[in-house]
1. Tally the DSSP beta bridges in the chain and give the antiparallel ones as a percent, rounded to 5.
2. Return the carbon/sulfur percentage of the accessible area of the chain, one whole number, probe 1.4 Å, all protein chains in place.
3. Order these peptides, 5-18, 35-48, by their mean beta-carbon neighbour count within 10 angstrom, highest first.
4. Counting other C-beta atoms within 10 Å, and keeping those with at most 12, which DSSP coil chymotrypsin sites (Phe, Trp or Tyr not before Pro) do you find in the stretch 122-162?
5. Which longest run of the chain has no exposed loop site in it, a site being trypsin sites (Lys or Arg not before Pro) in a DSSP loop with at most 10 other beta carbons within 10 Å, and the site itself not part of the run?
6. What percentages make up the Cα-Cα pair-distance distribution of the stretch 63-107 when the bins are 5 Å wide from 0?
7. Normalising by the residue count of the chain, find the relative contact order in percent from Cα pairs under 8 Å and 6+ residues apart.
8. So what's the Cα pair-distance distribution over the chain, bin width 5 Å, in %?
Amino acid sequence: ELRTPLNGVIGVADLLAGTRPPRGQQGFAQIIRASAHTLLELIDNVLDISRIETGRLSTSQEDFDLHRLVNGTVAMMEPQAQAKGLTLASHIAPQTPFHLNGDGRHLRQMLINLVGNAIKYTPYGGTVTLSLEHRSNMACINIKDTGYGIPDTDLPHIFDRFYRVRNNGHADIEGNGLGLAIVKSIAEQHGGDVTVESEVGKGSCFTFSLPLAGEE
């Protein structure tokens with residue numbers, strides 16, 4: 001019920017932004033649209049958290065190509081990285097297995113969330129790199145950036161719901177503190193995990209590990 005009127009706001013804002021309103025009002029339409037999309041993202045995240053807490057987050061088990069997931073995410077996020085003057089690259093280790101059992105939609109959401117965060121917290125001219133490797137019976141995807149980094153005091157809490165890093169000098173960057181909590185829950189529901197290593201001023205590396213097809 002929250003989404004329905006909000007989608008109406010977004011639709012009208014899109015129409016208004018596509019016309020030629022009087023001077024000065026074009027910017028107002030853009031603000032309406034951006035704010036509505038931010039609110040819609042928050043609503044979607046709150047709904048996902050609610051489904052996770054009540055065990056209603058539906059997941060399907062399908063065999064899909066992990067290589068395609070990584071390369072498709074890079075292609076999808078490339079315009080966003082370029083708009084910020086960043087280099088977005090990928091590296092797949094030779095002979096890395098590529099079949100994975102899981103919910104492709106949720107795993108894609110998880111990867112897009114992590115890459116989006118890396119882009120958001122990396123300054124102009126930086127680099128975000130996705131790498132795929134095989135460790136024992138796990139497929140590991142690393143999202144490494146040259147961004148602002150996370151202070152040691154915040155690292156134990158970044159997967160907590162509604163927690164946001166605020167003492168790194170960049171508290172003005174928008175976010176609702178739910179994305180990483182959702183990422184963690186999705187990884188655990190697939191029998192995997194998400195970890196992070198970070199150093200202030202040098203960047204962060206998030207790694208999520210998932211069991212390969214046929215593995216417990």
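The values are calculated or read from the model by the stated rules, or taken from the named source; none is laboratory data. Small disclaimer: the values here were computed from a predicted structure and weren't measured. Using ideal geometry, Cβ is built from the backbone for each residue, glycine included, and neighbour counts are taken over all protein chains shown. Just so you know, the surface numbers come from the protein's heavy atoms only, side chains and all, with ligands and any DNA or RNA stripped out. Shrake-Rupley method; radii C 1.70, N 1.55, O 1.52, S 1.80 Å.
1. Working: 27 of 33 bridges.
Taking every DSSP beta bridge with both residues in the chain, the antiparallel ones total about 80 percent.
2. Working: 6410 of 11880 Å².
On the chain, the fraction of accessible area on carbon and sulfur atoms equals 54 percent.
3. Numbers: 5-18: 13.8, 35-48: 15.6.
The densest-packed peptide leads the list: 35-48, 5-18.
4. Details: sites: 124, 148, 159, 162; in loops: 124, 148, 159, 162.
In loop regions of the stretch 122-162 (DSSP not H, G, I, E or B), the sparsely surrounded chymotrypsin sites (Phe, Trp or Tyr not before Pro) are 124, 162.
5. Numbers: sites that count: 23, 56.
Of all site-free stretches, the longest is 57-216.
6. 5, 19, 25, 19, 17, 11, 4, 0
7. Numbers: 342 pairs, mean separation 40.0, N = 216.
Value for the chain: 19 percent.
8. 1, 6, 13, 16, 18, 17, 13, 8, 4, 2, 1, 0, 0
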